[in-house]
1. When the residues of segment 186-240 are filtered to those that are buried (at least 18 other Cβ atoms within 10 Å of the Cβ), of a type in the set (Asp, Glu) and touching an Asp or Glu at 6+ places or on another chain (Cβ under 9 Å), which remaining residue is nearest to residue 156 (Cα to Cα)?
2. Under the condition of being surrounded by fewer than 20 Cβ atoms within 10 Å (Cβ to Cβ) and at pLDDT below 90, which residue from segment 103-121 is nearest to the chain's Cα centre (by Cα)?
3. Search segment 36-86 for residues being in contact with a His (Cβ under 7 Å, 6 or more places away or on another chain) and part of a loop (DSSP other than H, G, I, E, B), and hand back the single one that is nearest to residue 5 (Cα to Cα).
4. Looking at segment 90-102, is at least one residue basic (Lys, Arg) and crowded, with 20+ Cβ neighbours inside 10 Å?
5. Taking the condition more than 21 Å from residue 47 (Cβ to Cβ), surrounded by fewer than 24 Cβ atoms within 10 Å (Cβ to Cβ), of a type in the set (A, V, I, L, M) and modelled with pLDDT of 95 or more, does residue 170 pass?
6. Considering only segment 197-241, state which residues are within 13 Å of residue 171 (Cα to Cα) and of a type in the set (Gly, Ala, Ser).
7. Return a yes/no flag: does segment 213-231 have any residue that is outside any loop (DSSP other than H, G, I, E, B), within 14 Å of the chain's Cα centre (by Cα), closer than 24 Å to residue 16 by Cβ and in contact (Cβ under 8 Å) with a residue 40 or more places away in the chain.
8. Restricting attention to segment 46-73, which residues are modelled with pLDDT of 95 or more and aliphatic (A, V, I, L, M)?
Amino acid sequence: MTGFVDVHSHVVFGVDDGAQSLDHALALVTEARDSGTRLLFATPHVAPPYHNLNASHERIARIRRNCATIIEQAPNGIEVRLGFEVTARPHRLRSDDDVHRFRLAGTELVLIDGPQAVPWIGDSTMERYVRRIRSEGLTPILAHPERRVCWRGDHDYGFAERMKAAGALLQIDASGLTGADGPGCDVEARRLLAEGLIDLIGSDGHGTKSPVRLDVARTMAAEVVGEAAATRMVDGSVLGL
């Protein structure tokens with residue numbers, strides 16, 4: 001089956017700032033399918049100490065139940081798998097914290113939440129968490145590195161390079177590339193593409209502002225890196241999928 005592989009979306013309903021109902025979730029999955037995605041990873045936030053985004057047994061069980069419902073009712077032509085978007089935290093660096101439980105289903109990949117608008121709970125541990133995941137024989141994917149510059153304004157143009165050197169695959173958001181994430185994200189995303197730092201494009205799809213689709217972003221990326229390279233960023237070949 002041909003089509004896109006999206007490693008980053010928030011279609012699991014009622015568990016974070018993504019889909020808020022089953023109908024909303026199925027509408028997003030249908031939108032992804034209709035715009036060319038054939039494999040969609042649902043990656044709800046795991047970001048303690050925010051209570052509503054914690055990794056408690058109860059919340060993880062709810063995530064699994066709700067995702068199973070989506071998988072059961074998903075339209076033909078698209079496969080949905082569960083994963084997580086994990087915020088780096090000091091306790092995630094401990095050897096007794098099970099990195100493997102946060103893998104994208106059926107893979108050896110772990111998605112890490114990247115920079116946000118202000119210094120937040122994961123900033124000081126992102127690079128160390130990348131190395132921790134690698135030490136477990138898994139491959140970390142760092143989400144939306146373009147936000148470091150355009151959301152923060154601290155001009156940390158070496159951030160993406162440091163994460164890459166630590167061993168992460170770098171994933172820009174479609175909404176960052178199209179400019180929907182705010183002024184400057186598209187400029188930084190294009191710079192990272194042009195410098196050969198980006199491995200993947202994910203939708204980070206939540207709904208209207210950040211749709212669950214990769215087609216427009218792939219076309220825009222092709223303007224910078226060419227058709228073949230842009231296609232590799234969305235077709236799963238980088239991940240062996």
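1. It comes out as 188.
2. Result: 116.
3. 43
4. yes
5. no
6. 202, 203, 217, 221, 230, 236, listed by residue number.
7. No, there is no match, as no residue in segment 213-231 is outside any loop (DSSP other than H, G, I, E, B), within 14 Å of the chain's Cα centre (by Cα), closer than 24 Å to residue 16 by Cβ and in contact (Cβ under 8 Å) with a residue 40 or more places away in the chain.
8. Matches in segment 46-73: 46, 60, 61, 63, 68, 70, 71.
The values are calculated or read from the model by the stated rules, or taken from the named source; none is laboratory data. Here the structure is a predicted model, which is why all the values come from computation and not from measurement. Backbone-built Cβ (ideal geometry, glycine too); neighbour counts: all protein chains shown.
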